[in-house]
Amino acid sequence: MFLSKGTLNLSLALAFTASAAIGKVSAVDADPLIASYEPYATGSKQTLLVSYRDDSGHDNVVNRVEKMKGEGKKVKESKNHKLNKTHSLKKEKGAGTKKGKSDKDRRLRWLQEDGAITAGFSVLELETDDIKAEIAALSAIDGVTAVEQDGMMHINTMEYQQKLRGGAADHIREIQDAISATADELAEDAEAQHGRRLAEQTPYGIDMVNASHVWDYTPVMTDPIKICVVDTGYDLGHEDLPTESVHGVDGFDQYGQLWSVDGHGHGTHCAGTIGAIGGNGKGVTSVNPDPSKFTFFIGKGLSDSGSGSGSGVMAAVAACVEAGAKVISMSLGGGGYSATSNAAYEDYYDANVLIVAAAGNGGNSALGYPASYPAVVSVASLTSSGSRSSFSQYNDQVEIAAPGSAVLSTHKNNGYTSMSGTSMACPHVAGVAALLWSHFPDCTNNQIRNAMINSSVESGSAGWDKYYGWGRVNAGNAYELLKNGCEVAGGDSNPPAGEGLSYFALGGKDQGVPLTPTPAPTPLPPCPGAQQRFEVQIITDNYPGETTWTLTDKCDASIGEMMSGGPYSTSSTPYSDMSACANDGQYEFKINDSYGDGVCCSYGAGSYLVKFGTVEKASGGQFASSETKTFGTCGSTPPPTTGSTPPPSAPPTAPPTNGSTPPPTNGSTPPPTAPPTPVPTAPPTVPPTPVPTVPPTAPPTPVPTAPPTNPPTAQPTAPPTAPVTPAPTSGDGAVAQGAIFDSSYGVPKCANMGSSCDSLALLNGRGTISNGNEPNHSNTNNIGNTCNDGNSGSYHSDESIDQITVTAGDIESGVPVPSGDFITEGGRAYVTVKLWCWGSGASDTADIYLTKDASS
């Protein structure tokens, strides 16, 4: 793409959000499987989260702050977060075990006890040289249930990582290895990204999550759904993004910086994936391309440098919730686990808000936060081919996956760029969640969350796995699932008494709920006699809307097109259609791809399969704009299976015509070497019955006049062993059955059959024909009448066949022979042509024998 080596490293590094080990607090014993903790501090300035049990507890904290000020200490309560209901303060999953060694080793904290109650928390900023002493003093306050050091949240640039010390060096090398491994992915992703270039580009991820399936439907929400992006800001005034004045974009300032200015570009990139304006002929489109159907709220959770504090992120989230946001996208990480933050996210979940976060980019099994909190959706990253991005975290809390490698989107200063990371995957999922929720507003956040899980496209192992979660998010699949009802798609919405919606929030591998079983379809009744049903099976590629197909009866013009399908709505999805009962005959299956790349294998692994009963008739997937398969022959329908033909009511009036009836095959036929005799081999007392169709009372039927040793020699449909002299003598010919052979063009045609004519070739699966409506033939082909096809009054020979392409083969044995070698020892290649004269409704057939020259 398009990216220099330096640009590649920078664009990747900007998107990496996994924290690197700082170890300012007991780094030696830090658990390598837990995302390492970095305190948010500047010199002696520290930030603490102080959780309280009730209002009186908070009052006691405020009194302590005032007392500290009186002692000359620099301290203030910068924010008070009062929760909507009390929550339990929980230790991290696995805390105290080998997998989650001592929280105190990663974060200076005091927790009254596991399960202690919190009604809210204060954010205290203070200057101190002894943070441990301050934590101890605050923990002694009546009503305080936890005190925790605030942590750093950030986007890791390479420059930032190079400032790290000690144990962080290995982590830096790990990320550099991930960048190197991802370089190969970018070339492929860039090609896919730009392979379908229009005036306005559609980044590959938009189609990969099947967002367009939902675009044509009108949202049910009375007001546009509000989506919040907590990040580095927003490039207000960007040509391809919603605006403040027209679309009501608003935000929350922090760090002394404006939400409407993005000095980094990361936040603008994420916002573009969610809601860049579509259909304006500029830049890119997005998951939600219509700015009239949603509203942005921007939370300045990180500064222009790409970093911030855990409490700063929480302040931005709180502002989003207060502004009415339903979906919050957070492409950030770091800070380690916080019992206080976990309780806050549960509280927002209880308020029916869905929060989506990036899983992290360390390329390892570390738990990154906030993504790994149970009340937050953790998103892994995929390449354009659907495989896991090499940098993407993998752990038990990974829940769903989305495109994250080399994603094109908006950027600061009215620009555009491609970036990689779980930061890029996160807004795809957040955008899909908002898109779905706007159409199903009665669903809860947990039901929308589970609907995305239950409709996801399998990417790794069956069910859940730590690399892809439950699979790739698919908006179209989720929309169709939600049409069955919120509870069918997403489970229960009524938690037990005293619990909130966070009761259902388990996250990752524990989040999925089984779908309500769909009743089995009523089986189709069996077909009568020898009839069968056609089944057409289609597996779509990444662009299902491009695929259509038809199945046509080539024997019965009154039936014509008997089945059709497409365009489809969901990618990488199997579809099956069954026909009515049909006779065996000649049929044509045609599949089309409007873009011209088939259904396999450039953009997905689609395929098709056509079966008649249990017999496969056609299959494939790799073609260009279309592919046609013709199979079967006309006139091959077996007789009814209601029983054998009854004997005639009277004996024949004359002996069988020589050659019209084959010799009897029963045991009553005399031996070939014996002279004909009417005497049966049975005793004379038994009436002779040498011919089965003659009643027993009839006299013995004499044998045909031809000797038995010389079987009938009636002319078969095709020449047997001797060459047939073609007519006319020009080389090609036709054995006409009432059809007229035109020597000028070497083809049969209608003759004096009306004012409109056409023709049709029955090639028995051996080739194709282009016929009719071609302006390069004169109307002299028609005898006695012109054929006016209605093309601007021009007269064309619709009744004549323009070109026949046949696969070489021996007419006698049906065994293929080398291309071009049409004449074989004892046989000649041929096709049967059927003419349809539409003016009169009449039809006729003729056999064309081909010369050795394939062109004729």
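The values are calculated or read from the model by the stated rules, or taken from the named source; none is laboratory data. Note that the structure is a prediction, hence the values are computed from the model and not measured. So basically every Cβ, Gly included, is an ideal-geometry build from the backbone, and we count neighbours across all protein chains shown. Side chains are part of the model used for accessible areas, which takes the heavy atoms of the whole protein and leaves out ligands, DNA and RNA. Shrake-Rupley method; radii C 1.70, N 1.55, O 1.52, S 1.80 Å.
A few comments on the model shown:
- Accessible surface of region 408-481, 1.4 Å probe: 46 percent of it comes from carbon and sulfur atoms.
- Looking at region 193-290, the accessible area is 36 square angstrom per residue; that uses a 1.4 Å probe and ignores ligands, DNA and RNA.
- A 1.4 Å probe run over the protein chains yields, for region 396-465, 19 Å² of accessible area per residue, whole-number rounding.
- Shape of region 524-566, Cα gyration tensor, a/c cut at 1.5: oblate
- FRET efficiency for Glu561 and Val62, using Cβ-Cβ distance with R0 set to 51 Å, rounded to 0.05: 0.05
- For region 203-231 versus region 322-348, the gap between their alpha-carbon centres in whole angstrom: 22
- Accessible solvent surface per residue of region 468-537, calculated while the other protein chains remain in place, 1.4 angstrom probe, Å²: 52
- Protection proxy ranking, highest mean first, for peptides 344-357, 461-474: 344-357, 461-474, where packing is the per-residue count of other beta-carbon atoms within 10 Å, averaged.
- Whole-percent carbon and sulfur share, accessible surface of region 321-403, 1.4 Å: 44
- With the simple model of a label 7 Å out from the Cα in the direction of the Cβ, Ser625 to Gln112 spans 7.4 nm.
- Heavy-atom accessible surface of region 495-580: percent carbon and sulfur, 1.4 Å: 57
- Three-way shape call for region 211-268 based on the alpha-carbon gyration tensor, with the a/c threshold at 1.5: prolate
- Highest mean packing first, where packing is the average number of other Cβ atoms within 10 Å per residue, the peptides 242-248, 493-499 line up as 242-248, 493-499.
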